[in-house]
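*Asks:* The structure's right below; bear with me while I get my questions together.
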Amino acid sequence: MARLIQCVPNFSEGKDKEIIEKIVEEIRIVEDVKLLDYSMDKDHNRSVVTFVGEPEKVIEAAFNSVKVASELIDMSTHVGEHPRMGATDVIPLIPISDVSMEECIEYSKELAKRIGEELNIPVFLYEKSATNPSRENLANIRRGQYEGMAEKLKKEEWQPDFGPGTLNIKSGVTAVGARMPLVAFNVNLDTADINIAKNIAKVVRASGGGFTYCKALGIEIKERNIVQVSMNMVDYTKTSLFRVFETIEREANRYGVNVIGSEIIGLVPMNALIDVADYYLKLENFDSSQVLEKRIFE
């Protein structure tokens, strides 16, 4: 079996397709790396890129894309709905086949070190790679966002793991880490009242007493004059998409608001959607081995 890891860098640019194409091209040209998907979001002003390959090649492609992003994206002028702190905001590495989580952690440190030393960008290790429990949660690192990061870096407890101890004005800071696959899952509501989305996000997210493996924010989609509960489902095997979706729907109804749709950003593990189908169709004795494409793949 091939040694494969997945990389899902998030770049703070979702409006200028030419910039993203130049960044993505650095991934396409690396041998033994396969670009799987990339998506741009104008309201979030953010792009999510997904690629997979041999670990050493993935690290090369990731570094090259970060380098181009640092040249083309200026955080001092960046505005977007999604929380962000750097031109390359976050780079997760995910073990796919014949690579352990421990190995992924070491690869993440190798990548973080190169970014810090060669590109002069402060880098924090997060999730499984974190050197401090307070840095496991990306939200803790990102708190204050780009605008508050210069002051944050002055605190001893927030000195980066790699790179300079002061803010890179143009590129901001970056987080790199190893983690399990997550699902970027958003639910849209037929209202423009941002407070409703924020209240519902607080109900479903772990930090608000909701679902343990759910991170959620309420944001505006100004182009459509609606609001959205924007989520990262960090372990879909323990908190299913359908449970969170149904809770959001019930909470929205309390405000006289309806769910008008949902979306997946980037790629999603097949089993996360199989769980949803199994639940809503009330399938009896169903097994994932019955999925045609899965059997063909195997």
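*Asks:* Treating only the Cβ atoms of Lys and Arg (+1) and Asp and Glu (-1) as charged, compute the dipole magnitude of the stretch 4-178 about its Cα centre; round to the nearest 20 debye.
*Replies:* 560 debye
*Asks:* Less than 14 Å apart at the alpha-carbon level, and either on another chain or at least 8 residues along: which aspartates and glutamates does that give for K57?
*Replies:* Candidates past the 8-residue exclusion: E26, E31, D32, E110.
*Asks:* How about the stretch 1-33: which GluC sites (Glu not before Pro) there lie in a loop by DSSP and see at most 16 other Cβ atoms within 10 Å?
*Replies:* In loop regions of the stretch 1-33 (DSSP not H, G, I, E or B), the sparsely surrounded GluC sites (Glu not before Pro) are E31.
*Asks:* How far, in nm, would the chain grow between M101 and K294 when pulled straight, counting 0.36 nm per residue and subtracting the alpha carbon separation?
*Replies:* Length difference between fully extended and current span is 67.1 nm.
*Asks:* Each label point is 7 Å from the Cα along the Cα-to-Cβ direction; what then is the distance between the points at D16 and T77, in nm?
*Replies:* Result for the modelled spin labels: 0.7 nm.
*Asks:* A follow-up question, please. Which whole-number percent gives the relative contact order of the chain, counting Cα pairs below 8 Å spaced six or more residues apart?
*Replies:* It comes to 16 percent, rounded to a whole number.
*Asks:* Moving on to the next point. Calculate the spin-label point distance for N64 paired with L283, positioning each point 7 Å from the Cα along the beta-carbon direction, and give it in nanometres.
*Replies:* 4.0 nm
*Asks:* In the chain, if the dipole is taken from +1 on Lys/Arg beta carbons and -1 on Asp/Glu beta carbons about the Cα centre, which of G261, V176, P92 is farthest to the positive end?
*Replies:* The residue sitting most towards the positive pole is G261.
*Asks:* Still on this structure, please answer the following. For the stretch 183-297, what is the charge dipole size about the Cα centre, in debye to the nearest 20, if Lys and Arg each add +1 at the Cβ and Asp and Glu each add -1 at the Cβ?
*Replies:* Around 320 debye, computed over the stretch 183-297.
*Asks:* While we're on this one: Can you give me the relative contact order of the stretch 183-297 as a percent, contacts being Cα pairs under 8 Å and 6 or more apart?
*Replies:* Relative contact order here is 30 percent.
*Asks:* Here's something else I'd like to know. Kyte-Doolittle cut-off -0.5, length cut-off 15 Å along the helix's own axis using Cα: show which whole DSSP H helices in the chain pass.
*Replies:* In the chain, the long hydrophobic H runs are 17-28, 55-72, 194-204, 270-281.
We did not get these values from a lab; they are worked out from the coordinates using the rules stated. Just so it is clear, the structure is predicted and the values come from calculations on it, not from any experiment. Neighbour counts are summed over all protein chains in view; Cβ atoms, including those assigned to glycine, are modelled from backbone coordinates with ideal geometry.
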